[in-house]
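A.B. asks: First the structure, then my questions, so here it is.
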Amino acid sequence: MNCLLCDKPLDNVPTWQQFLGIQKDASACPSCLKRFERIDSMAQDEWLDSVHSLYAYNEAARDYLHQFKFMQDIALADIFAQPLRHVLNHPKKVIVPIPMHAANKKKRTFSQVDALLRAANIPYQTLLEKTTESVMGEKTRSERLAMTELFTATADIPSNEAVYVLVDDIYTTGTTLRHAAQALKQRGVRQVGAVTLFRPIREK
């Protein structure tokens, strides 16, 4: 098997976890994985009780998202399966992926967040629907912050003690996540957190 990022052969030595199906074979080589900077950034605001971003949005992350999302290389979802599974796999968490608008999903052919969750073998619930075709990455910061309702909840949500965790690929201004959390809380959800793969970090 070759590295999904650089295409060089992987020198995989099978482990007992792989034999038992607990751990997947490595999908990227150590050299490529080292390019991703683990930051475990934590944040919160009036709508989001917590936001956990796993990696810095650096050059490696930009290359990865371009290949994964825009070049439609869905196999790259496997790269971050293990770290996502580690932070999301909890019986009291209800995982809610940030959805794409149906028209945008048809153009891309797949939802990148759904693909990440499936690769990590994380069950999820589709509770939100995007109301606009606008893409956050194509807007300025001020345009993103000025946007009105982006999501509606698609189903009645029973009152319970679960923590609803939104999942997205990148956290920039937080507009997308806040709108999604607002839609859930307006339906009675008490606690909404979020996990994102990447987040830009400021240079010190």
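A.B. asks: How long is the gain from Arg108 to Met71 if the chain were fully straight, where each residue apart is worth 0.36 nm and the alpha carbon distance is subtracted?
C.D. replies: Roughly 12.4 nm would be gained on extension.
A.B. asks: Let me check I've understood the local charge: for Met71, count other residues with C-beta under 12 angstrom from its C-beta, Lys and Arg +1, Asp and Glu -1. What total comes out?
C.D. replies: Summing Lys and Arg as +1 and Asp and Glu as -1 gives 0.
A.B. asks: Same structure again: When the accessible area of segment 50-102 is split by element with a 1.4 Å probe, what percent falls to carbon and sulfur?
C.D. replies: Carbon with sulfur: 50 percent of the solvent-accessible area.
A.B. asks: With +1 on the Cβ of every Lys and Arg and -1 on the Cβ of every Asp and Glu, and nothing else charged, how large is the dipole of segment 37-112 about its Cα centre, in debye rounded to the nearest 20?
C.D. replies: Dipole about the Cα centre, nearest 20: 480 debye.
A.B. asks: Would you kindly state how much longer the chain becomes between His90 and Gln44 on full extension, computed as 0.36 nm times their sequence separation minus their alpha carbon distance, in nm to one decimal?
C.D. replies: Here the segment from His90 to Gln44 would lengthen by 14.5 nm.
A.B. asks: Once Lys and Arg get +1 and Asp and Glu get -1 on their Cβ, which of Pro30, Leu65, Ser50 lies farthest toward the positive end of the dipole of segment 29-79?
C.D. replies: Pro30
The values are calculated or read from the model by the stated rules, or taken from the named source; none is laboratory data. Keep in mind that what you see is a predicted model, and the values were worked out from it rather than measured. A quick note on method: Cβ atoms are made from the backbone with ideal geometry, for glycine too, and the neighbour counts reach across all protein chains shown. Only protein heavy atoms, including side chains, enter the accessible area calculation; ligands, DNA and RNA are left aside. Shrake-Rupley method; radii C 1.70, N 1.55, O 1.52, S 1.80 Å.
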